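I have placed the structure first, in the form of structure tokens, so that the comments after it can refer back to it.
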Amino acid sequence: MIELTGNALDPEKVTAKVRRDTNGAVVTFLGTTRDNFEGKTVLTLEYEAFDEMAIKKLEEVRQELIGEFGLEQIAISHRVGTVGIGEISLIIAVGSPHRKDAFFACHKAVDRIKEVVPIWKKEVYQDGSRWVACEDHEFSPEGQHAGHQHSAESQGH
């Protein structure tokens, strides 16, 4: 399952997608908005995405993990738009017969998403804002259009 949405994310719903009687382990990662970064008070995060490409790249990451770890039960849900303090912006759930593969696949999924998926994060502070870690992406946020609606959802395998 792959999902890109402007709605609040539900960890139970995403985790349920990877639970099977054959799996002895389910690892779920929740990326949440913290209230600080490098000594500054964070008010919100704002995520923008090139929706069609983001969905395609999220599925490519999922397929990479399936190939590398031999696991079919991998679900990724990413939120776009404004994400408040304590709210969830990313859920990755991995089901596996064994815990080690589930932990490693989940960890690698987070790293790969940050590397290749065209989703950008802006931290909004009391005294301004800045795009964070965009230099690590294959894509840059300059090509994005302000005010673009992010409502694309896709349900993959």
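The table below gives the values:
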item	result
Any hit, region 56-64, residues being surrounded by 15 or more Cβ atoms within 10 Å (Cβ to Cβ) and assigned to a loop (DSSP other than H, G, I, E, B)	no
Number of positions in region 72-87 that are modelled with pLDDT of 95 or more and more than 19 Å from GLU46 (Cβ to Cβ)	4
Number of positions in region 88-122 that are aliphatic (A, V, I, L, M), under 12 Å from ILE74 (Cα atoms) and either assigned to a strand (DSSP E or B) or modelled with pLDDT under 95 (or both)	4
Residues that are out of contact with any Asp or Glu (no Cβ under 8 Å at 6 or more places or on another chain), in a loop (DSSP other than H, G, I, E, B) and not polar (S, T, N, Q), drawn from region 71-85	GLU72
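The values are calculated or read from the model by the stated rules, or taken from the named source; none is laboratory data. Keep in mind the model is a prediction, meaning the values are calculated, not measured. Using ideal geometry, Cβ is built from the backbone for each residue, glycine included, and neighbour counts are taken over all protein chains shown.
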